[in-house]
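Read through the structure below, which is laid out as structure tokens, and then see the notes.
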Amino acid sequence: MNLNARKLGSAVLAAATLTGCGTFGASGPRTGTILAARGRPVEHAEIKVIDVDANVAQRILAATRRPQFSETFGEGYPVGTVVGRGDSVAVTIWEAPPAVLFGSIVAASRGGEAAALPVGQNLDLPEQIVDSTGRITVPFAGSVQAAGRTTEEIAQDIVRRLTGKAHMPQAIVRLARNASANVTVVGEVTTSARVPLTARGERVLDAIAAAGGVKEAVSKTSIQLTRGGSVLALPMAEIIRDPSQNIMLRPNDVVTALYQPYSFTALGAVKNNAEIQFEATGVTLSQALGRIGGVDENRANIRGAFIFRFEDPAALPDEVRATARVASNGRVPVIYRVDLRNPETFFAAQNFPVKDKDVIYVSTAPGADFQKFLNMVSSAAFSIIGLRQNI
């Protein structure tokens with residue numbers, strides 16, 4: 001009986017040992033292995049390893065600052081001030097008495113005798129469509145450039161052309177119908193639309209509202225504005241939060257609502273190995289660690305937390321950038337090392353931005369696998385004791 005128990009115990013321990021040999025690997029590379037990757041080639045570039053501190057976090061934060069709508073595009077202007085091709089304009093001309101060009105003669109009694117008196121006259125011209133060359137025609141003034149001008153500029157040109165022909169002429173030009181001042185709203189909106197602009201001065205969010213609003217959550221939606229050859233996107237939440245970015249639109253602007261589910265991947269000795277989505281406004285490293293439940297205190301090497309990223313060369317320290325070679329995507333493969341044992345790191349983590357497609361990896365502590373082995377041996381030993389009691 002005892003011999004059988006000993007044989008059975010030896011078999012269980014051997015199985016546990018063999019199983020341990022096959023399964024006691026870490027969930028990824030060791031800290032030393034990662035640090036030894038410095039200088040290794042990746043897509044014709046070389047891996048750089050950088051320790052995260054406050055200076056590194058501030059440099060990356062500054063390099064990832066988004067251009068703003070207000071800086072790139074500036075303010076627009078209310079429609080009705082600038083005329084475009086296809087618009088309809090109305091022109092009214094006044095001539096002071098004695099009107100010699102547009103005036104008329106009326107009969108009056110002066111000292112019992114009939115007399116003809118000249119009076120002032122106004123002329124309302126029929127609405128005209130600004131032609132393909134951008135011009136309209138005004139009697140006695142000829143062909144007048146209208147497209148690209150304000151209504152006041154057109155009126156001044158008409159008055160200048162009539163001076164010397166009419167007596168003290170005056171003119172008012174009014175935009176009767178807007179056919180050229182529209183913006184296009186497309187993308188993740190309820191209804192793609194061509195929205196006419198008015199003298200009210202529609203802004204970015206006005207155009208989105210006119211298209212029925214966005215279909216996705218505001219936090220995961222970016223608004224892209226295309227004006228001529230300039231294209232820029234900002235998180236919708238940022239436009240709502242900062243009114244100066246809700247700029248006035250201009251004719252022919254294209255407003256596109258983009259659904260952008262940014263995400264990072266968490267691997268290794270963390271509470272939640274998963275792909276984690278985050279808002280278009282971004283998250284910091286401290287927020288990212290919080291969203292994955294932090295590190296696994298039973299397995300994690302708190303000196304071995306890493307962020308794997310293809311980094312913009314502008315975000316690198318000068319001494320690193322001087323020797324860096326970029327990959328095919330124009331960026332540098334960088335491994336950022338985070339020492340969670342250092343309290344100062346947590347201040348830097350509040351400013352360190354996590355980017356789309358980042359990989360956050362926490363290596364396993366050196367003694368974690370040995371502890372796993374001891375736990376298995378202990379479990380096997382208790383199984384042997386139970387078997388012996390039953391034999």
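The values are calculated or read from the model by the stated rules, or taken from the named source; none is laboratory data. No experiment lies behind these values; they were computed from the predicted model shown. Because the Cβ atoms are built from the backbone with ideal geometry, glycine has one as well, and the counts that use them run over all protein chains shown.
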Do you know which of the residues in region 241-275 that are within 30 Å of Ala300 (Cβ to Cβ) and under 15 Å from the mean Cα position of the chain (by Cα) is modelled with the highest pLDDT? Ser263
Among (1) more than 38 Å from the chain's Cα centre (by Cα); (2) at pLDDT below 95, which single condition is Ala176 missing? (1)
Report yes if some residue within region 45-57 is modelled with pLDDT under 85 and either in a helix (DSSP H, G or I) or of a type outside the set (A, V, I, L, M, F, W, C) (or both); otherwise report no. no
Restricting the search to region 309-322, which residues are in a loop (DSSP other than H, G, I, E, B) and free of Cβ contacts under 8 Å to residues at least 60 places away in the same chain? Ala322
Return the pairs, sorted by first residue and then second, in which the second residue is surrounded by 15 or more Cβ atoms within 10 Å (Cβ to Cβ) and polar (S, T, N, Q), the first residue lies in region 269-287 and is under 20 Å from Arg30 (Cα atoms), the beta carbons are less than 9 Å apart, and the residues are 6+ apart or on different chains. Ala269/Ser27; Ala269/Asn301; Ala269/Ser363; Ala269/Thr364; Asn273/Ser27; Asn273/Thr265; Ala274/Thr265
Which residue, of Ala193, Ala199, Ala209, is modelled with pLDDT of 95 or more, surrounded by fewer than 22 Cβ atoms within 10 Å (Cβ to Cβ) and not β-branched (Val, Ile, Thr)? Ala209
Scan region 167-195 residue by residue and report those that are outside the structural domain of Thr221 (by TED's automatic domain parsing), assigned to a loop (DSSP other than H, G, I, E, B) and out of contact with any Asp or Glu (no Cβ under 8 Å at 6 or more places or on another chain). none
Pick from Thr221, Thr281, Thr226: which is assigned by TED's automatic domain parsing to the domain that holds Asn351 and among the hydroxyl-bearing types (Ser, Thr, Tyr)? Thr281
Could you run through region 262-282 and say how many residues are aliphatic (A, V, I, L, M) and either crowded, with 21+ Cβ neighbours inside 10 Å or not in a strand (DSSP E or B) (or both)? 4
Would you be able to say whether some residue in region 147-164 is crowded, with 16+ Cβ neighbours inside 10 Å, assigned to a loop (DSSP other than H, G, I, E, B), of a type outside the set (Lys, Arg) and modelled with pLDDT of 95 or more? no
Looking only at region 248-261, which residues are outside any strand (DSSP E or B) and either of a type in the set (Ser, Thr, Tyr) or crowded, with 22+ Cβ neighbours inside 10 Å (or both)? Leu249, Asp253
Could you check, for region 221-240, whether at least one of its residues is within 13 Å of the chain's Cα centre (by Cα), polar (S, T, N, Q) and surrounded by 20 or more Cβ atoms within 10 Å (Cβ to Cβ)? yes
Expected output for region 127-145 (first residue among the small types (Gly, Ala, Ser), partner surrounded by fewer than 17 Cβ atoms within 10 Å (Cβ to Cβ) and in a strand (DSSP E or B), Cβ below 8 Å, 6+ apart or cross-chain) is Gly134/Gln145; Ser143/Arg135; Ser143/Thr137
Hey, any hits in region 6-29 for a residue that's in a loop (DSSP other than H, G, I, E, B), modelled with pLDDT of 75 or more and under 30 Å from Ala348 (Cβ atoms)? yes
Which one is nearest to Gly282 (Cα to Cα), of the residues in region 189-220 that are within 15 Å of the chain's Cα centre (by Cα) and small (Gly, Ala, Ser)? Ser219
